[in-house]
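This report refers to the structure that appears directly beneath it.
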Amino acid sequence: LTLADQDAVLTAVRRALAPGGAFACDVLVPDFGPAGVLRRETTWRDAAGRDAELWLLQDVDPVAQIVESHYLLDRTDDAGRVVRTRRRLVQRWLHRFELVRALRQAGFAQVRIFGGFDRRPVDATATRYVALATVAASST
């Protein structure tokens, strides 16, 4: 969640790559629904073919760039009872230029940011930033 932790991870990734190697990652573009409002996300089908309802409740701290998401997954068991599974996820989001800065700080030679996995340019409709960072080729 901290800049120091993010820098340490990206530096370790950079060190693990050979000259000419590449690293790709994606981060979500911050676009959260209303904070503190429980909302239905989707119907989800598990591996056994049973449907479940996914609910999401989020608290957003725009100053710290932290989102705390509470996922609730409701399934119906064989007896017809609703069984709820809860998961909590805390994330710090990165804006586009923070991501570029972090990758360059980690020592990547070239950093490119796309608006999706299809390598389209970033525009106002992008829901994620896809980064492709490469290590300089050896000069020997």
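Each 5 Å bin from zero holds the following percent of Cα-Cα pairs in the chain: 2, 9, 14, 15, 15, 14, 11, 9, 6, 3, 2, 1, 0, 0. Note on VAL90: accessible area is roughly 50 Å² with a 1.4 Å probe, heavy atoms of protein only. With the simple spin-label model, which puts each label point 7 Å out from Cα in the Cβ direction, the ARG96 to LEU38 separation comes to 3.7 nm.
Can you tell which of VAL100, ALA64, THR43 lies farthest toward the positive end of the dipole of the range 34-136, using +1 and -1 charges on the Cβ of basic and acidic side chains (Lys, Arg; Asp, Glu)? So the residue furthest toward the plus end is VAL100. Estimated at 0.36 nm per residue, the fully extended path between GLU68 and ASP46 surpasses their Cα-Cα distance by 5.5 nm.
Look at the alpha carbon pairs under 8 Å that are at least 6 residues apart: their mean separation over the length of the chain gives a relative contact order of 29 percent. In this Cβ point-charge picture (+1 for Lys and Arg, -1 for Asp and Glu), the chain has a dipole of about 320 debye about its Cα centre. Loop exposure criterion: chymotrypsin sites (Phe, Trp or Tyr not before Pro), DSSP state outside H, G, I, E and B, at most 15 other Cβ atoms within 10 Å. Applied to the chain, the longest stretch between such sites is 33-116. Relative to the current alpha-carbon distance between ASP61 and ARG128, full extension at 0.36 nm per residue lengthens the span by 22.2 nm. Which residues in the range 1-36 place their backbone N less than 16 Å from a point set 7 Å from the Cα of PHE117 along the Cα-to-Cβ direction? Under cut-off, by backbone N: 24-29.
The values are calculated or read from the model by the stated rules, or taken from the named source; none is laboratory data. Quick caveat, the model's predicted, so the values are computed rather than measured. Neighbour counts run over all protein chains shown; Cβ positions are idealised from the backbone, glycine included. To get the accessible areas, we keep the full protein, side chains included, count just its heavy atoms, and leave off ligands, DNA and RNA. Shrake-Rupley method; radii C 1.70, N 1.55, O 1.52, S 1.80 Å.
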